[in-house]
Amino acid sequence: MTTNRHDDVIEVTDLRRVYGGGFEAVRGVTFSVGRGELFALLGTNGAGKTSTVELLEGLAPPADGQVRVLGHDPYRERAAVRPRIGVMLQEGGFPSELTVAETVRMWAGCTSGARPQNEALEMVGLARRSGVRVKQLSGGEKRRLDLALALLGRPEVLFLDEPTTGLDAEGRQDTWQLVRALRDEGTTVLLTTHYLEEAEDLADRLAILHEGRIAVSGTPAEVTATQPSRISFELPEGYFLGDLPPLAELGVTGHETAGRTVRLRTHALQRAATGLLVWAERAGVELRGLDVRSASLEEAFLGIAREAGAQRGDGDAGGVAGAKDKETVA
């Protein structure tokens, strides 16, 4: 997606947030989000992601730096910003005895230009559950209700905090489709998520926070390009690693072997793969189990965590989950 960088609706400049006792949770964060853009904010454990988003939503003032949402300070000019944004928190905290329909009507009474109740519930697939009490909803259904309320005011800017937590695979895909449609209609979306696959699939651009600073930002492709691509295959019978073309000439930056399986790492995937295949063709051999793939966002994320662990000298990923189901804990 192409955005006009002179039409940014979220502007963050050298943002800082300090809690009691002097703990600096956000340490000079700068980024911007264009109109109609979907921007994902990811983070390792304790990265400052939630602290940053709360400042953008106007829930607290920054210790230093500047935030502008739709040209206004979201904290000091809340009256000018709040009617134009939608916020989906991690937990809605709805009255449990109200029905879904009653909850939407109550929320609509506090929302300027609210959508019709049925329209909001249809958008998130809850129309048939309108008479059910909130306490009887599943976790995934409560997340759908959270989203319906965030969309009631037809927001120009939508903040989504872990929007698909608790949803099954179908519900997650439905939510992705809805978010894409909103973005395509011009809504600016700032997304936080534990699911790296979600960010990789939805985001036009993203930033990964670590220890209160942005470690890397850009399009998903630009961020994944910071990590090497991989090629793996089985050595043909009678051949050894030294029989391959010089790995450095192929642009290979690292390799490892496990039995007859060879794994190569490279930032020049096309050159390495082409050189390897040309060699195999000339040698008249088959590279069984050949697997050629670019790095994933998960690998980029975990690479940042590993680098941080190495800098601390603890040799781990700083307590970051990520290998299972492409999920991280932030």
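The condition (being aliphatic (A, V, I, L, M), in contact with a Leu (Cβ under 9 Å, 6 or more places away or on another chain) and closer than 25 Å to LEU209 by Cα) is satisfied by just one residue among LEU147, LEU126: LEU147. Among the residues of segment 81-104, those that are farther than 13 Å from LEU160 by Cβ and of a type in the set (S, T, N, Q) comprise SER96, THR99, THR103. Answer yes or no as to whether GLY36 is at pLDDT 95 or above, small (Gly, Ala, Ser) and either out of contact with any Asp or Glu (no Cβ under 7 Å at 6 or more places or on another chain) or open to solvent by 60 Å² or more (accessible area, probe 1.4 Å) (or both). Yes, satisfied.
Consider segment 68-97 and keep the residues that are open to solvent by 30 Å² or more (accessible area, probe 1.4 Å), assigned to a loop (DSSP other than H, G, I, E, B) and among the charged types (D, E, K, R). The one that is farthest from VAL29 (Cα to Cα) is GLU97. Just one of the numbered conditions (1) open to solvent by less than 40 Å² (accessible area, probe 1.4 Å); (2) modelled with pLDDT under 95; (3) touching a helix residue (DSSP H, G or I) at 6+ places or on another chain (Cβ under 7 Å) is not true of LEU158: (2).
Which of the residues that make up segment 238-276 are of a type in the set (Val, Ile, Thr) and more than 30 Å from the chain's Cα centre (by Cα)? Hits for segment 238-276 are THR257, THR261, VAL262, THR274. In the set GLY289, GLY251, only one residue is within 27 Å of ILE208 (Cβ to Cβ) and in contact with a strand residue (DSSP E or B) (Cβ under 7 Å, 6 or more places away or on another chain); that residue is GLY251. Small (Gly, Ala, Ser), in a strand (DSSP E or B) and either more than 19 Å from PRO155 (Cβ to Cβ) or in contact with a Ser or Thr (Cβ under 9 Å, 6 or more places away or on another chain) (or both), is that true of GLY65? Yes, satisfied.
When segment 202-222 is limited to residues that are of a type in the set (Gly, Ala, Ser), closer than 14 Å to PHE39 by Cα and in a strand (DSSP E or B), the one that is most open to solvent (accessible area, probe 1.4 Å) turns out to be SER217. If you go through segment 258-272 and keep only what is among the small types (Gly, Ala, Ser), farther than 21 Å from GLY238 by Cα and open to solvent by 20 Å² or more (accessible area, probe 1.4 Å), you end up with just ALA268. Against the conditions (1) surrounded by fewer than 22 Cβ atoms within 10 Å (Cβ to Cβ); (2) over 24 Å from ARG82 (Cα atoms); (3) small (Gly, Ala, Ser), ALA199 satisfies every one except (1).
Across segment 235-247, the number of residues qualifying as open to solvent by 40 Å² or more (accessible area, probe 1.4 Å) and either within 22 Å of GLY303 (Cβ to Cβ) or charged (D, E, K, R) (or both) comes to 2.
Selection of segment 275-288 for residues being open to solvent by 70 Å² or more (accessible area, probe 1.4 Å) and either of a type in the set (Asp, Glu) or in a helix (DSSP H, G or I) (or both) yields LEU277, GLU281, ARG282, GLU286. If you go through segment 98-113 and pick out every residue that is in a loop (DSSP other than H, G, I, E, B), touching a residue at least 40 places away in the same chain (Cβ under 8 Å) and of a type in the set (Gly, Ala, Ser), you end up with 2. The residues of segment 21-62 that are under 26 Å from ALA150 (Cα atoms) and either assigned to a helix (DSSP H, G or I) or basic (Lys, Arg) (or both), listed by number, are ARG35, LYS49, THR50, SER51, THR52, VAL53, GLU54, LEU55, LEU56. In segment 296-311, the condition of being in contact (Cβ under 8 Å) with a residue 60 or more places away in the chain and either among the polar types (S, T, N, Q) or touching a Lys or Arg at 6+ places or on another chain (Cβ under 7 Å) (or both) is met by at least one residue.
The values are calculated or read from the model by the stated rules, or taken from the named source; none is laboratory data. No experiment lies behind these values; they were computed from the predicted model shown. All Cβ positions, even for glycine, are placed from backbone atoms using ideal geometry, and neighbour counts span all protein chains on display. Accessible surface is based on the protein model in full, side chains and every heavy atom, while ligands, DNA and RNA are left aside. Shrake-Rupley method; radii C 1.70, N 1.55, O 1.52, S 1.80 Å.
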